[in-house]
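Notes for the one structure printed next.
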Amino acid sequence: MAVVSSRGQKLGNRVAIAAIIVITIVFLTPIYWIGSTAFKPRNLATTAPPTILFEPEVSPFVKLFTKRVQLKPNEQVDRENAPWWEQIIFDGGERISRTGKGEVQLSGYPDRFMNSLIVAITSTLLAVSMGTITAYGFSRFKVKGEADLLFFILSTRMLPPIVVAIPMFLMYRAAGLTDSHIGLIILYTAFNVSFAVWLMKGFIDEIPREYEEAALVDGYTRMQAFFKIVLPEAATGIAATAVFCFITAWNEYAFALILTNRRAQTAPPFIPSQIGSGLPDWTVIAAGTFLFLLPVAIFTFLLRNHLLRGMSFGAIRK
């Protein structure tokens, strides 16, 4: 019986490893495809069958950050004195747009990327801060109608965003908040704060009250106990909550498309608008998407230890 059990356990482990490998490949294939397309020549982006081996180039990134116009049939360009990155554009039948002073005209991607950073970081900080304080209040004090209030907070996440997009647009237009950073920050903060409250309440509930009571006996105020005792203990939960809130705000598309136009537009609605001459230039779209993935990947990587511990925090109760 022991031999059969050992063989069964080994078989189960092999099946689990195989399943993990398959799932990993399934999840990483789109990321690899986006990354490889970002470095492909335009004529290889849509070949059938797909081109796996190719000589990478950076022309999609040059096109992403600059404005271009199609070369006329008899138009002459100064290839010898042009920088290497502009010669790449010449080879594609286009040239870089320049101002009257000869300065290169940049595309809208850098501004949209910066807008995404401003909106996502600010809304994440506000949502996590407000959610942590609110969760602490629900966890440590008796609140009349607590269950109803928590359900009401959670109910704000029950409707799909597109359902309230039109009413939000009308309200924002009346308030003069359309195409503004503050408008998106308020919206994303309100959208994420309910998630932050529920997630942080679970973390704070697992912190023993005795820690704060001991601090209060030692002469700490309630606020001092919160900042010096509760927050350090809840650091893993705050990190996990911040990752999820940041990803939600960073990837949001519907509201950014409807409520912004130019000044405060973020990267998600801008990237699909990058088209080439006549047909969509998928290499440029892939380059923008590839760069857009980096901040989330870096942020999650830096907080990976806190995230893993935060997801399992409170799993084992005494």
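When nucleic acids and ligands are ignored and a 1.4 Å probe is applied, ARG112 ends up with an accessible area of around 30 Å².
Projected over all directions and averaged, the alpha-carbon convex hull of region 109-311 occupies 13.8 nm².
Per-residue surface analysis assigns LEU231 an accessible area of about 50 Å², computed on protein heavy atoms at 1.4 Å probe radius.
What is the percent carbon and sulfur in the accessible area of the chain, measuring with a 1.4 Å probe over the protein chains and ignoring ligands? Answer for the chain is 67 percent, counting heavy atoms of protein chains only. Distance from the Cα centroid of region 105-126 to that of region 176-227 is 25 Å (rounded to whole angstrom). As a length-normalised measure over Cα pairs under 8 Å and 6 or more apart, the relative contact order of the chain settles at 25 percent. The Cβ shell under 11 Å around GLY183 holds other residues with a net charge of +1, Lys and Arg each +1, Asp and Glu each -1. Each Lys and Arg adds +1 at its Cβ and each Asp and Glu adds -1 at its Cβ; summed about the Cα centre, the chain shows a dipole of about 520 debye. So which lysines can LYS101 reach, going by Cα to Cα under 16 Å and dropping same-chain residues fewer than 8 places off? Partners found: LYS67.
Ranked by the mean number of other Cβ atoms within 10 Å of their residues, highest first, the peptides 287-295, 116-124, 93-101 come out as 116-124, 287-295, 93-101. Of all aspartates and glutamates in the structure, not one lies under 19 Å Cα to Cα from LYS10 without also being fewer than 8 positions from it along the same chain.
Under 16 Å of direct C-alpha separation, and excluding same-chain neighbours fewer than eight residues apart, LYS40 reaches these lysines: LYS63.
May I ask you to give the solvent-accessible area per residue for region 121-213, in square angstrom, as obtained with a 1.4 angstrom probe? Spell out each step's value before the answer.
Numbers: 5130 Å² over 93 residues.
Per residue, region 121-213 has 55 Å² of solvent-accessible surface.
Separation of region 138-174 from region 1-75 is 39 Å, based on Cα centroids.
The values are calculated or read from the model by the stated rules, or taken from the named source; none is laboratory data. This one's a predicted model, so the numbers in the text were calculated from it and none came from an experiment. All Cβ positions, even for glycine, are placed from backbone atoms using ideal geometry, and neighbour counts span all protein chains on display. When the accessible area is computed, the model is the full protein with side chains, heavy atoms only, and any ligands, DNA or RNA have been set aside. Shrake-Rupley method; radii C 1.70, N 1.55, O 1.52, S 1.80 Å.
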